[in-house]
Structure formats: structure tokens, C-alpha cells
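Notes for the one structure printed next.
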Amino acid sequence: MKPLWLLLLLAASAAPVAADEPKQAPGPPLYESASPVKVECEIDRLVVAKLKPLGVRQVLCSDAVFLRRAFLDVIGTLPAAGEARAFLEDTNPRKRRALIDHLLQRDEFAVYWAMKWADLLRIKAEFPVNLWPNAAQAYHRWVLASLRENKPYDEFARALLTSSGSNFRVGPVNFYRAMQSRAPEGIAATVALTFMGVRTDSWKPERLEGMAQFFAQTGYKPTSEWKEEHVFWDPTGTHTLASNIAPGKASIDEIGKPAKPESTETEAETPAFIARKEGVFPDGQKVKLTQERDPREVFADWLITPENPWFTRSITNRVWSWFLGRGIIHAPDDIRKNNPPSNPELLAYLERELVKSKYDLKHLYRLILNSNTYQASSMLGDVKPAAQAQFARYPLRRLEAELIIDAINKITATTELYTSAIPEPFTYIPQGETAMSIGDGSITSPFLALFGRSARATGTEDERSNKFIPSQWLHLLNSSQIQKKLEQGPGLRDLISARQGPVRTLEDIYLTVLSRMPTHAEIENAKDYGKPVPGLNKAGKPRAGKRSEDWIDITWSLINSSEFIFRH
Amino acid sequence: MSTSDYHPLGLTLSRSVSRRDVVQAGLFSTAGLLFPDARAAAAPPQALPVPPIKVKAKSVIQVFLWGGMSHNDTWDPKPDAGYDYNGPMEAPLSTNVDGIQVSEWFPKLARQADKFSLIRSMTHGNNGHETAAYLVQTAHRPGERLAYPSVGAVFSYFHGKKYQGALPPYVVLTQPQGRFSEEGFLGAKLKPFATGGDPNAARFEVEGVVSRSVSDTRQQARRELLARMDTLLQAAGGDAQLRASEQAKLEAYDMILGKGREVFDLSKEKPELRERYGRHTFGQDCLAARRMVEAGVPYIVINYPGGWDTHSNHFQTMGRQAPELDQGLAALLLDLKERGLLDSTLVWCCGEFGRGPKIDWQPPWNGGRNHHGKVFSVLVAGGGFKGGHVVGSSDAKAEEVKDRPVYPVDLLGSVYQLAGIDPKAKLPHPMGLEARVLPIGEEGVKSAGLLTEIM
């Protein structure tokens, strides 16, 4: 049976309850749950085993914290006030599990995760790589569709590694185009980073060279259509472009010249690739490359198996880091021998689960989201690094650029204009799209640039910067953009003008902005703020209520609070 | 002249700037604490005493002409090249320096030619906007694995930490370049602060600093309200993330309610001076930049408010924009000089490339000019650069370098030297990769030596 709050969700933004009294009774603390932590699942058993010797005990987060956390982490979207109220009032003891199932089915799920993948897969029309607008769209559409259908991760990876065809028509071929270097070594480095979580910069050159052989026959050729390019298996190397050069090998003069396929110069270079005809996998295993099979497929066969030491481990560790703020191996794209996992048993368990589920990432999401470890409170203060590495708490993290502006737009019912400097039809974004849904990293806004959206240049996890800098605060605290949204956006205006009495208005503002009810102290603070409404009422007494300017300031203060801007 | 006649950049520098000077100058003082890599680069002191170099350029104003400004219609006129090259251009103007001529559109700069020098042999051969803009502002080759930071971000990294001013160390008037990522791999902290707003408007509304609708009293009341309402901060204030965020917020409030915003109040200037700079956005950009120099801002970029990518409507656009460029730049140089700031303020101005000297009369261009990276002109002034000189030259039709090529590493190397930044110093790469300020001595990087003739 569906829980009560889900039914309420279907009934759209729930009908308001008449009472205008503070409901917050003295009870459980605001951010933490009063219920004791019961170790029920394998994740928690393995995590607690590490935490016990450190003398740290997890505390569960409150329902309100969980609601907001799950919405932001699973679908990158704030709950609407009605959704928040319904969940908080629901008495079903299993409502958290039900919410997780609900969120994994929402439309925004694929949109949000496509944004994350677009960072790692470097989906951006221009700079530093000319992927081109139409191709960036095709690439993003394919990622989005794969997430929508919950394509098993092994198939997802294989498609990216082995596809051939037009950059406009076969989305995943753009994986091989979205790289700063198309030299075999450059491709190998990107493949290792993306699918093995490995940075090849510390490898011995021979190791990278051995792996590079699998990508030495990757060809690129233009077609008669503007900006169209085919990626294909090119065993004879006739279509190796002039721009296909090793990092640091090209002079300034060579770059920017049009590619000259089939020039005598490049032909002279090609036999070197083919002469070897032996690839060396990163584990040292050698394999003869034949003219019968695309070596990219040979590589994919080696990589994409449950036995491969990198493939399952890398994605499992990434998924964990996306929800818990750090990898079991940290950083998640720096897997190497001398960077061991903080909890090897936990990582091994999750890997087994992913394999057992046939690479169903949602299965992994479910396991993690339902654990107490994910649902732990973030209120332990500044915990010691050792405990942090063992996931003693859910770490506070600033929201991504896209999520901040989408949330502010949702609250104020306003929109943004996103543009690209590239004048093409494929860069047109209809007004009202969320920032999260923009596929092409070249389509942007000053806000997104300021708040550290990923440059999508290298595909490393840390390319996205979620650290606060003063100019970001300037913008949130005092920009005309945000002020205008608060003053003129219909979202807040409707809340204020509903005239339901100040406490009810404040509750609605809290549910809309912070997804919870205000506390007594907060109600008092809000009451004290601002000037009385001018004039007298019919009875000749001072008017009740607040000036809209003061409501705006109160909402402004919530948008600028740590609770709004940090996952917690 | 062949490039091998010049010393590679490194040789010139090893004599005048040693690592030790850099350390003594305090360049790594606090930056080193944040970025251990940079500190490692500050090698142990050498035994021999080296005369300390004098940092001449305390501030830099970079005027960037996005789109690429024609060189032969402006600072490298070729009156004898004929109609196909010059179109409707009239005879060039003489300047207050014998032998230097500029085009008819620069009468005001012509009277200040003793204050600046023109490089007429800038070259990199790249004709793509993004890649050329990257080359000119980083001197690194595009298409490599690393996306290098621009000059401004490098200044901000080395000079920003000891800088105590009320404004950010790297300011852009008024919009960022968009297709160019100024901070490169140095990350968001080194991003420029873009003012937004229009300095030529009745009130220069710097986004985030000067607010249209919030009075100071309300600003203060809001700040107190926020402190009371930030319940999570009260509950978890000890968290390192929150502490860092609060520190950034504190710095932001210093700008909102502190002295910083006065710099943007152009109404404090005499009306005659504002007129002299020109009552257009670019002119007032220049005036705002001068006020920032006085406030000690190390690196200021004026992204020209408009584009120079004149494939079509070339002469009309130039006829409108060039006189504004002339007025703003000339007023800036004169004003800096009169205030005794020119010696310590380096000004450089160019686009990502020049424009084809041969006019494209074919439709749809109908008399436009295309991208031209083979040779173009740069204006440099102050901060240790001599005025009244011309460096290098282009051929008779301004199509190729005739003599003394100047490559991006040469120009930026000179700017760094005058500002006391070691071009071989390491930059902190997030993944620990080897990265240095300039690609000196790297394979394929062309250099013809620093601009010693005007330094």
C-alpha cells in the first residue's frame, strides 16, 4: 500500500490546514533523530566495525534532514512545500524506504545524473575540445536515455568504448572526441581515468604505451556535413588527422591548421602503430592484435568483466563517493596500490552486490541510501580525519552551481536564460529549462560560471569546485539578480499575499526553502524582524502581519543560511 | 632576423631574477602555506648575493580586444598598400614621436605616443578565437592536457596573498571573456571578479557590491537577521567547511559595507575628467581601472565592451569603436602619467589576433576582414616599458613579420619580469602534474627573447 504522503503528492500541493499555531513541540532535536541506530544492513555492520575502535557512534539524522538530503542527492531538486509537509506528517515507519523508491523513479533522476556523468564524460561543445554543439547534444541525449532506461553499467561502458559512427547520430562515439589529446596515449589516459579510476600520470611510459596500442587504430574522418565527424576502426591508419598529436609534441604552427587526411606525411607515420600489433593490458597481460577485430573491443573484453581489478571497483567507489562525499578509496579517481581503501571489506561487499545485480546501479544506490551510514547525522562537529575516512557522519558539502540556481528559481518561480557564445541552432535553450538539464557545458550563465560549474576539460572529479569564495557570497547576499527574484518572482509573492497569518506564512516559507517547519526560536526571530505595517485596522488598532519587504528579508536570510546552501 | 640570434628567455632571466629574489620578495609567503607545491618550487637560497630586482609593475591593466582588432587600420598603417588593403582609410597621422604613425582614428593617442610603445611584429599564427585568446593570455600552446591559467590568475596567485586591498586582486571590467576559462587549472579561487554593471550609467552597479534597492540600514539589519536565523551554523559551526564559508562571507561583507565599494563610485571624479575619458562604457572602464590601480589592485582586465570580430561591416564598426578606444586609452595614459602612476602601472592592449590586411570584398563579407594570427600589433606602456618606441615590423602589406618577431612567451615573459614573477616558477596543479608559469624551453615553443629593447 502506498504511504499517505505519496497519495498527497498525487493530490498536488496539499490543501492547507487551517490552524495557525506553531506545531513544533519540544521533542527530538531539529537535525537528529531520537530513534536509536539499529545495525540492520551489511553496510552498517562493516562501517560500525571500523568506527567502534575509534570510539565514534553514528547518530541518525531527523526525518526533515533525510527528506532534503535524499531529494538533493537522488534527483538534485528541492521538495515542494506540499511534498515536504506530507512526508513530515506521514507516520509510516518505513517512509524513508518508500521515499527512496519514489525518487529513483522520478523524471529528474536521469536529468541530475546525466549532469554528473557529463562532467566525467566532458560533454561541452567548445574549449578546450571542439566537440561541436550538435555532437554535444547527441552525446548528452544518449547518456540521458541510458540513465532513463537504467542501462546496466557494463553495457553503458562498452558502448562508450566500442561505438563507431557519426558524432551527430551515434552519441557515444563522442567519448573518443571529447579528449584533449587524440594520440593513442592520450586516449588511453582518458579511458583509464574514466573507467578504471586511475591517473596514468604516475605510470611508467611503457605501461601507457602498451595500453595505447588498443586505441592506435581509432580513426576520425570529416564528412561533407559541417562539423560532422565519424569515429571508426581504422586499421590502416589512413585517417589519422594532423591534429592527432601527442601532448607536448605539436608546435604552435601545427595546431589550428585544417586536418589533411590521407596526406603522405601521416601515412609515413602510421606503420609504427601497426607494426607493433601487440597490446599490453594495464595488468601486464599481452595480447596479439589482429586485423580481424577492432582492438577497442579487445580492450573492452578485458576491462568489462567482474574479475577485472579496476572496472567494478572504480564505479562502486565512485557511486559511494557521490553519496557519502568521499570514496572508500579517496580520491575516487586515484586508484593505485599505495592508496588503499579505508574499508576494504565494505568496498568488496558493494562490488559483489553490483556484480550480483548485473551492474544495476540503482541497486547499489538503494543499498547505500537505505543504510544508516548514509542516513547518519552531519552534526558531529569537526570529526577527526580518521573517523571521517570511516564515514562517521554525513559530511556537509556545498550544493553544485546548477542546484543552487535551480532551487532559488523553484522557490521564487522564476527562470534563467542560458546561452552559448556559439551561434548555432543547437545552442538554443528554451527559457524555463533547469540548469541541471543543460547537456552542453558551453551553454552557461554568469551564475553557473561564478559558482564553479565543471570546466569539463579533463573529466576528473575535482574539476567541479564547490568551495565558497567571497565573490559567490557577494552574489548570493547582495546581487540584483537574486534580489529581483525575491522581489518580483511570483513564488514568494504568492506565499506572502496568501494572507494566512504570519505563522502559517512563515511555515510555508520554511517548507519551501528549507523543507522543514520553523522552530520556536526561529518563529520568534522572524516576529521581531522589521517594522510594523503602517496604518490602523478597522478597529483602530495597529495592523497585524508584516510588510512584504520584511518577508523578503526573512526569505533572503534563509536562502543565505548554511542549511540552504550545504547538503547536510 | 632569425630567432636563434636571441637568447632563449631563460638565459636572460637567470641573470636578473633568481629564485632567491622571488622568495625574498615574499611571493610565496602565504601562498606557500596553501599550496605546498609552490613552496617546494622556491628552491634553497643561493650562496652568491644577487642584486635584488626592483618590481616595476605594481599593477597591470590589460585591455583585451576580443574578436581581434585589425592592425593595419589602427597601429600599423600601410598607406602605400593600395585600396584592396586600405579601403576607405585616409592617410595616417603623425604622432608626438618622430617616425611613428597611427591611423586616422587615433588622434588622441597620437599626442601621447611618448608614453607607449607599439609592437608591430606580434605573431603566433593561430586563427581560432578560443585557441588564439588562450595563446595570447597564457603563452601556452592550446590542445595540451592542461588548461593553463591566464596572466591575471597567475598574478593573483603570486601577488594576491600579500595584497591587503579592499577589492579582489584580479578584477574584470565588466564581463568575463566567456569562451575562455581565466583561472585554468588553478581553480575557482583564482577566478577574476567580474564587476557587471555599466560604469557609464548614472550609478555603477557592481553586481553584489552596489545594490540598487537595499539601503545600508537594511543591509545591516539583514546581516543581523541572517546571523540569528542561521540555525545550522549555530548547531555545527565547528565544521571546517562552514568555517571556510563564513570566512568568505566575512570578506564579502567587507566589500558590501566597507571601503571597497567607494572605488566604484565614479561620481567622486571631476566631471571634466570623466569627459576626458569619454562618456561611453569603455572610457569609464578606463577611469574605473585607474581608481582600482590607486586602490592597489594587482591585475585589472578591461574586456572591451563590444567586439572586434569584423568579418562584415568592418569599416562602420571600426569607425565607431576605434575613436572610443583612442579616447579612453589616451586619457588613461595621460591621467596615470599626471598622477605619477605610469611608472608603476603596466598597460597592455591587444586582441587575440589581427585581421587580414587584404579586404574581403566578396559577399557575404562585402568589405570585411578575416582572422589573422600571422602578425598583429600590441600597445604596451608603463610599468617599466619605455614609451615612444616601435618594436619589430611587418612587411609592406602587414601580412607577415618582417623583422624581430614577438611571440606570446616573449610578451608575457616581459610582463612577468617587470612584475617580479619568475616565469619558471611552478604552478600548483591539482593532480600534482608539472606545470610552470611559462613553457620556456619546451619543444615547439617559439621565442625571440624578452622585449629588452623597451625595458
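Every read-out reported here was derived from the displayed coordinates using simple, explicitly stated rules and does not represent laboratory data. The shown structure was predicted, so the numbers you read here are calculated from the model rather than taken from an experiment. Cβ sites come from the backbone with ideal geometry, for glycine too, and all protein chains shown count toward neighbours.
The figures follow:
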{"item": "Sequence-distant residues sharing a close amide H with B:F193 (under 5 Å, placed H)", "result": "B:Y170, B:V171, B:V172"}
{"item": "Fewest-first sequence of B:S393, B:S156 by Cβ atoms within 10 Å of each Cβ", "result": "B:S393, B:S156"}
{"item": "Positive-pole candidate from B:A147, A:A81, B:G392, dipole of the protein assembly as shown, charges at beta carbon", "result": "A:A81"}
{"item": "Net +/- balance of residues flanking B:D410 in space, Cβ distance below 13 Å, scoring K and R +1, D and E -1", "result": "+1"}
{"item": "Distance in nm between pseudo-label sites at A:K38 and A:E297 (7 Å out along the Cβ direction from Cα)", "result": "5.3 nm"}
{"item": "Magnitude of the charge dipole, the protein assembly as shown, Cβ model with Lys/Arg +1 and Asp/Glu -1, debye to 20", "result": "2540 debye"}
{"item": "Taking the stretch A:468-538 and dividing mean pair separation by its residue count, relative contact order in percent (alpha carbons under 8 Å, at least six apart)", "result": "14 percent"}
{"item": "Cβ charges +1 (Lys, Arg) and -1 (Asp, Glu), total dipole of chain B, debye", "result": "1120 debye"}
{"item": "Alpha carbon convex hull of chain A, projected area averaged over orientations, nm²", "result": "29.3 nm²"}
{"item": "About the Cα centre, charge dipole magnitude for the stretch A:442-512 (Lys/Arg +1, Asp/Glu -1 at Cβ), debye", "result": "160 debye"}
{"item": "Unit charges at the beta carbon, dipole of chain A: most positive-side option, A:S371, A:F127, A:F156", "result": "A:S371"}
{"item": "At 0.692 mPa s and 37 °C, Stokes D of the protein assembly as shown from Kirkwood alpha-carbon radius, µm² per second", "result": "106 µm²/s"}
{"item": "For residues of A:196-202, the mean tally of beta carbons on other chains within 10 Å", "result": "2"}
{"item": "Normalised contact order of the stretch B:354-455, rounded percent, pairs of Cα under 8 Å and 6 or more residues apart", "result": "23 percent"}
{"item": "Part-to-part distance (alpha-carbon centres) for the stretch B:203-223 and the stretch A:438-506, which is given in Å", "result": "18 Å"}
{"item": "Computed helical MRE - 222 nm, chain B, DSSP H runs ≥ 4 contributing -39500 (n - 2.57), nearest 500", "result": "-9500 deg cm²/dmol"}
{"item": "Sorted by Cβ density within 10 Å, fewest first, the residues A:R398, A:R366", "result": "A:R366, A:R398"}
{"item": "Zone of B:E294's modelled label, taken as backbone nitrogen in the stretch B:379-398 under 19 Å from a point 7 Å along Cα→Cβ", "result": "B:383"}
{"item": "Table column - 3J(HN,Hα) (Hz), the stretch B:194-206, Karplus curve with 6.51, -1.76, 1.60, x for Gly and Pro", "result": "8, 6, x, x, 9, x, 8, 6, 3, 9, 7, 8, 6"}
{"item": "Placed amide H near A:T444: partners under 5 Å, 5+ positions off or other chain", "result": "A:T419, A:S420"}
{"item": "Partner lysines for B:K402 [C-alpha distance under 20 Å; skip if fewer than 8 residues away on the same chain]", "result": "B:K78, B:K358, B:K374, B:K446"}
{"item": "DSSP beta bridges in the protein assembly as shown [antiparallel fraction, %, rounded to 5]", "result": "60 percent"}
{"item": "Ellipticity estimate at 222 nm from DSSP helix runs (n ≥ 4, -39,500 (n - 2.57)) divided over chain A, nearest 500", "result": "-12500 deg cm²/dmol"}
{"item": "Given charges at Cβ of Lys, Arg, Asp, Glu: chain B dipole, positive-most of B:G125, B:T452, B:H311", "result": "B:T452"}
{"item": "Around A:V59: net Lys/Arg minus Asp/Glu count, Cβ-Cβ under 9 Å", "result": "+1"}
{"item": "Estimated vicinal HN-Hα couplings, Hz - the stretch B:295-306 in sequence order (Karplus 6.51, -1.76, 1.60; Gly, Pro = x)", "result": "7, x, 4, x, 9, 10, 10, 9, 7, 3, x, x"}
{"item": "Chain B: relative contact order in percent, alpha carbon pairs under 8 Å with at least 6 residues between", "result": "31 percent"}
{"item": "Long-range HN-HN contacts of B:F116 with modeled amide H, under 5 Å", "result": "B:G388"}
{"item": "Candidate lysines - alpha carbon under 23 Å from B:K191, same-chain residues fewer than 8 apart omitted", "result": "A:K116, A:K124, A:K467, B:K58, B:K161, B:K162, B:K249, B:K259, B:K424, B:K426"}
{"item": "Sum of side-chain charges, A:K50 neighbourhood, beta-carbon under 15 Å (Lys, Arg +1; Asp, Glu -1)", "result": "+3"}
{"item": "Partner chain coverage, peptide B:177-187 - average Cβ within 10 angstrom", "result": "4"}
{"item": "The stretch A:292-315-the stretch A:323-358 distance, computed between alpha-carbon centres (Å)", "result": "18 Å"}
{"item": "Rounded Å value of the spacing that divides the Cα centres of the stretch B:315-339 and the stretch B:362-436", "result": "20 Å"}
